[in-house]
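Read the structure below first, then the notes.
The values are calculated or read from the model by the stated rules, or taken from the named source; none is laboratory data. Everything quoted here is computed from the prediction, not taken from an experiment. Note: ideal-geometry Cβ built from the backbone for every residue, glycine included; neighbour counts use all protein chains shown.
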Amino acid sequence: MRVDTFEPAMSVGIRTGSGLHHVIVLLLVVTAFGDVPGLISTGRVSGMGVLTIVQVAMTLLAVAACRTYPRRLVYVLVPYFGFLLWAAIGALWAPNTIAGLQNLAVYVLFGLIVLLCGALAARTPSTTDRAIERGIRWIDGVTLTLVALCLVFQGLPHDQTTWILGARSLGLLGLPLLSWHVAQAHAGSRRSMVFAWLWLMAIGLSLSRMATAIGLLYMGIALLLQFRRSARTLVARAPAIAAATATVLLVLAYETPIADRMFTGDTSIEIAGIAVNASGRSRIWAEVADSAMKAPIVGQGVGSSIDAASRIAGIGHPHNDYLRVWHDHGFIGLGLFGLAFVAMFGVMLRNLQRSERRRDPIAPTHLAGLLALTGLLIACTTDNAIIYPFVMTPVAVLVGAGLGARGYGSAPARL
């Protein structure tokens, strides 16, 4: 792996970076508890809000300590930091709420983590990969243990029984973990193959419809990539794949909690001719869209979409992050937001194609980042992923590594 020929030349960076890699591990460790910190009350700001502020401060210090960044990474992040600047400007003229400021803190946290991980992955790729692996193994152990305990003592989550980890939170948290394990399994890791199926099961048990669909999409992409690389390996795994597929179809076809949650209730949305439970989202989206038209260009300020969604009893979020960004930051903010993620997606797709052609050992890093970003962009259509730090943190780590790992020897740019 050409990483090794690069790292000895950066001996100073390794000494500095070793401490910074601990920051990556710590950021991932914190996410293992999902939305549980939000249950802690600290006054007007929730425990999750306090934790987010601490994470922002810690990551900001690490970014400052990094000092140099690959020019390619800086360029691709310009639109996202433009979005952050516009969001901050909007907060000056719009009424601010605690929830809105917490949302802004998560946006900032995402950008800082991508910059930090991208810089470290460009400087010391193998060390960064090991740090990510340590953090993810911690999440595997803690979160999946919590899922198992909840399943044993509380049974499947439903309207009357909820787990300590919220269903949507668990589903969204599981997606970046699943993306990493799918990428490692594609590279030949048997351990990650096992954990990929465990995470897919956990996501399904959470009864999160969109997260389950995205998880199955990940598996499909992995199979296609495996077929391109080695049809013989795919054939050898065909019995296990067939058994897993049959299990999923049976779960969806019969009157299971997952099937009931997906195909009963408010079936106001159709996908490929199949009526799917929208859980009242159609009404929420209409309300938020009508409200957004009051200031469609510049938006009404960060967190304002929460107030619009709250006009429907019991609903505190728009359940569509694109509507959220449009309502809060207008078409200007939505344009910058979209451009930022399209730029990241394009760079990682090119990185993956190049590394796959060369059979480069760094390919799993690119694949994990691309899958994590793809899952996030899809989840944004029906969920509130971009305001959850326990979702955006692992996604940012994987995206940053996927962007930066290609930058061997690129000229650094000082910020």
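Search region 359-415 for residues being charged (D, E, K, R) and surrounded by 24 or more Cβ atoms within 10 Å (Cβ to Cβ), and hand back the single one that is modelled with the highest pLDDT.
D383
Among the residues of region 45-95, count how many are under 20 Å from V391 (Cβ atoms), outside any strand (DSSP E or B) and of a type outside the set (A, V, I, L, M).
7
Considering each of A213, A187 in turn, give the residue that is out of contact with any Leu (no Cβ under 7 Å at 6 or more places or on another chain) and within 24 Å of C117 (Cβ to Cβ).
Testing whether each residue is out of contact with any Leu (no Cβ under 7 Å at 6 or more places or on another chain) and within 24 Å of C117 (Cβ to Cβ) leaves just A187.
Looking only at region 122-145, decide whether some residue is farther than 25 Å from H329 by Cβ, within 19 Å of the chain's Cα centre (by Cα) and either polar (S, T, N, Q) or modelled with pLDDT under 90 (or both).
There is at least one residue in region 122-145 that is farther than 25 Å from H329 by Cβ, within 19 Å of the chain's Cα centre (by Cα) and either polar (S, T, N, Q) or modelled with pLDDT under 90 (or both).
Scan region 161-174 and tell me whether some residue there is at pLDDT 95 or above, within 21 Å of V23 (Cα to Cα), part of a helix (DSSP H, G or I) and in contact with a Pro (Cβ under 8 Å, 6 or more places away or on another chain). Step through it out loud before you land on a result.
The first filter runs over region 161-174 and keeps only residues at pLDDT 95 or above, leaving none.
The answer is no, given that none of the residues of region 161-174 is at pLDDT 95 or above, within 21 Å of V23 (Cα to Cα), part of a helix (DSSP H, G or I) and in contact with a Pro (Cβ under 8 Å, 6 or more places away or on another chain).
Restricting to region 334-389, name every residue that is of a type in the set (V, I, T) and part of a helix (DSSP H, G or I).
At the first step, the residues of region 334-389 found to be of a type in the set (V, I, T) are 342, 347, 362, 365, 374, 378, 381-382, 386-387.
Within region 334-389, V342, V347, T365, T374, I378, I386, I387 qualify.
Output the residue which, of all residues in region 285-329 that are β-branched (V, I, T) and crowded, with 23+ Cβ neighbours inside 10 Å, is nearest to I89 (Cα to Cα). Outline the logic, then answer.
To start, the set of residues in region 285-329 that are β-branched (V, I, T) comprises 288, 297-298, 302, 306, 312, 315, 325.
Cutting the leftovers down to crowded, with 23+ Cβ neighbours inside 10 Å gives us 288, 302, 325.
Working: V288: 22, V302: 10, V325: 14 Å.
It comes out as V302.
Kindly provide the set of residues from region 168-189 that are small (G, A, S) and either over 12 Å from D140 (Cα atoms) or surrounded by fewer than 24 Cβ atoms within 10 Å (Cβ to Cβ) (or both), ordered by number.
Step one: filter region 168-189 for residues small (G, A, S), giving 169, 171, 174, 179, 183, 185, 187-189.
Once the filter is applied, which keeps residues that are small (G, A, S) and either over 12 Å from D140 (Cα atoms) or surrounded by fewer than 24 Cβ atoms within 10 Å (Cβ to Cβ) (or both), region 168-189 yields S169, G171, S179, A183, A185, A187, G188, S189.
Go through region 79-104 and report how many residues are surrounded by fewer than 14 Cβ atoms within 10 Å (Cβ to Cβ) and in contact (Cβ under 8 Å) with a residue 40 or more places away in the chain.
3
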